[in-house]
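The values are calculated or read from the model by the stated rules, or taken from the named source; none is laboratory data. Remember, predicted model here, so these are calculated numbers, not experimental data. Every residue, glycine among them, receives a Cβ derived from its backbone with ideal geometry; neighbour counts consider all protein chains shown. When the accessible area is computed, the model is the full protein with side chains, heavy atoms only, and any ligands, DNA or RNA have been set aside. Shrake-Rupley method; radii C 1.70, N 1.55, O 1.52, S 1.80 Å.
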Amino acid sequence: MKEGILATVADLHPRETNEVRTHTYNAAIILLKENTSTVVYNGKEYQRTVPSESFYTHGWKWDSETVAMGLIHTESNPQRAFDEIRAVLVGQWDNGFIPQIRYNPTVKKYYPQAEKWRTEKVRQKEVPTSGITQPPILAISVDYITQHTYDKKEADQFLDEVLPAIMKNHDNFKDTRDPENSGLLTMIHPWESGTDNSPRWDKVYKHISLERIPQSVKDDVDENRSDNKLGEASHRPTQEDYYRFMGLIDMYASWGWDYEKIVKESPFAVKDIMFSSIWARANDSLANMLERRGRSKEAEKYRGYAEQTKKALAATWIEKSQQYCDIDVSQGRYSPIIEPTNAMFMPLYAGAVTEEQLPKVLKRLGDIEQFWTEYPVPTTAINSKKFDPTRYWRGPSWPITNLLIIDGLMDNYGHNEQARQMGEHLIDTTLKMIEEYGFTEYVDPKTGKPYGFGKFSWPASIYVYLTKKYRKNVLLK
Ligand code: 9WN
């Protein structure tokens, strides 16, 4: 077996590789079943996958949307995948907004609990939700699962059922998060990005002074925060991060979740390149689905959004720093954020990388001093002062962000030999980290050591998805 960076599971004897893959694949399917939870809203039962029974016992938006892309490949095709999406949509507010968390009223393990958000006046009465959202993978997921549904008629019926809600959601994103029509979406809470304590937000935190966060909020965090007790505190966001997370929630709740005001006046408002890259691809997916249903006039609008966002993403490239960048737009600012994180590779997922930018992006991704580690892709470059191999989104490699980079390289740039080879390598290393260490939340990018909460649904569903999409031939009967 080869040593070092090129050693992947594919270097094993082929039979052995197939056995490892088949074993992990089967274990993934079992875990997805175990993490299925039934929740009752409006007297109706909904089946959904919780991220992890150890802590995340409710429904999370972007987790469920990605999990559905794995579930479609299980024997329950298409039922469980469709249910997963229905269980996301049941929490949609009247204005089209889809919240990050749909709470299960019977479970209390997670902090913050439902009542902290004070969303009663704006959400569906029977579905307790948070007041912020998460990356817009919904349309990408529904496009994928309906293309992999065995029965085309069933797929079409499902599309007709959910397309109005998806369009409403995209219209809400466009109206509330891009009022200036820049093509890039504004996200207003670190949790919305899905990469909670990423160094990308450090600079923006300077506008949220800890002294001005109400003492009652800090006391509540000190007393009730549970992630750092159920999990290892030194791997989680810091207490100051949590004061800011909860301080923002308290402020927005006191503003009645008025998004016009929040986007304009919040001290935390960022044009996020990862969020926006997903947004661009999601609009292409939505346009594809509408076209498939013969609704080409409506498709044009979302295709237009996708094109606009791709151009806007390409324009965030800063030659001097050799990267795309987020932009702090809080309270009228317009200040690029330069941090060496894996968010800079997300325009690949959108198909926004220009021909001229592509070799530069690949060079950065393939640099063993920065991102091309033994278990890539670290969330923060390993040569950055801020790199921390175990602290959540400040260093570890996560299967979800790998998936976005892999699909970006393979679907959009697969015609480029180097991009394709890097994509192939990333598929193998992502599968390998799961094969070696199980379904853990994230891993140390240098050693592959597992961290975070265990028995996690994301790696399980991503394992199924990547295997079925890229490595189908390795599965043994
Ligand atoms: C807050 C569920 C979620 C993921 C996020 C991840 C983490 C929550 C938390 O867990 O965030 O949303 O409390 O830590 O950062 O991406 O969706 O898996």
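Laid out as a table, the results:
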read-out: Per-residue [θ]222 nm for the chain (sum of -39500 (n - 2.57) over DSSP H runs n ≥ 4, rounded to 500); value: -14500 deg cm²/dmol
read-out: ³J(HN,Hα), Karplus 6.51/-1.76/1.60, whole Hz, each residue of the range 66-83, x for Gly, Pro; value: 7, 4, 4, 6, x, 4, 5, 8, 9, 5, 7, 3, x, 3, 5, 5, 4, 4
read-out: By average C-beta atoms within 10 angstrom, highest first, the peptides 296-302, 465-471; value: 465-471, 296-302
read-out: Electrostatic dipole magnitude of the chain [Cβ: Lys, Arg +1; Asp, Glu -1; Cα centre; debye, to 20]; value: 200 debye
read-out: Residue-normalised accessible area of the chain, expressed per residue, 1.4 Å probe, Å²; value: 38 Å²
read-out: For the chain, convex hull volume per residue from C-alpha positions, Å³; value: 135 Å³
read-out: Using θ = phi - 60° and Karplus 6.51 cos²θ - 1.76 cosθ + 1.60, couplings along the range 206-223 (whole Hz; Gly, Pro as x); value: 4, 7, 10, 6, 4, 4, 8, 7, x, 4, 4, 5, 5, 4, 4, 4, 4, 7
read-out: In Hz, Karplus ³J(HN,Hα) per residue of the range 273-278 (6.51, -1.76, 1.60; θ = phi - 60°; x = Gly, Pro); value: 5, 6, 4, 6, 5, 5
read-out: Nonlocal amide H pairs with T49, under 5 Å, H built at 1.01 Å; value: S37
read-out: Unit charges at the beta carbon, dipole of the chain: most positive-side option, S209, L426, T354; value: T354
read-out: For the range 438-477: relative contact order, % (alpha-carbon pairs under 8 angstrom, 6 or more apart); value: 33 percent
read-out: Estimated dipole of the range 238-295 in Debye, rounded to 20 [Cβ of Lys and Arg +1, of Asp and Glu -1, Cα centre]; value: 420 debye
read-out: Longest to shortest principal axis, alpha-carbon extents of the range 165-236, angstrom; value: 40, 27, 24
read-out: Qualifying GluC sites (Glu not before Pro) in the range 381-477, DSSP loop, other Cβ atoms within 10 Å at most 16; value: none
read-out: Sorted peptide list for 161-174, 115-128, criterion being average Cβ within 10 angstrom, highest first; value: 161-174, 115-128
read-out: Inter-label distance for E161 and D222, nm, one decimal - labels placed 7 Å from Cα along Cα-to-Cβ; value: 5.0 nm
read-out: Estimated Rh, the range 235-318: Kirkwood, alpha-carbon pairs, angstrom; value: 15.6 Å
read-out: 26 Å Cα cut-off, lysine pairs counted over the range 1-148 (separation 8 or more, or different chains); value: 21
read-out: Shape category assigned to the range 298-349 from the gyration tensor of Cα positions, a/c cut at 1.5; value: oblate
read-out: Global geometry of the range 17-65, whether rounded, prolate or oblate, following the gyration tensor of its Cα atoms and the 1.5 cut on a/c; value: prolate
read-out: Highest to lowest packing among 368-381, 214-227, 176-189, scored as the average C-beta count within 10 Å; value: 368-381, 176-189, 214-227
read-out: Space enclosed by the convex hull of the alpha-carbon atoms of the range 15-146, per residue, Å³; value: 116 Å³
read-out: Potential extension, E19-H415 segment - 0.36 nm per residue separation minus Cα distance; value: 139.5 nm
read-out: Over the chain, relative contact order from alpha-carbon pairs under 8 Å, at least 6 apart, %; value: 18 percent
read-out: Share of carbon and sulfur in the accessible heavy-atom surface of the range 324-477 [1.4 Å probe, %]; value: 49 percent
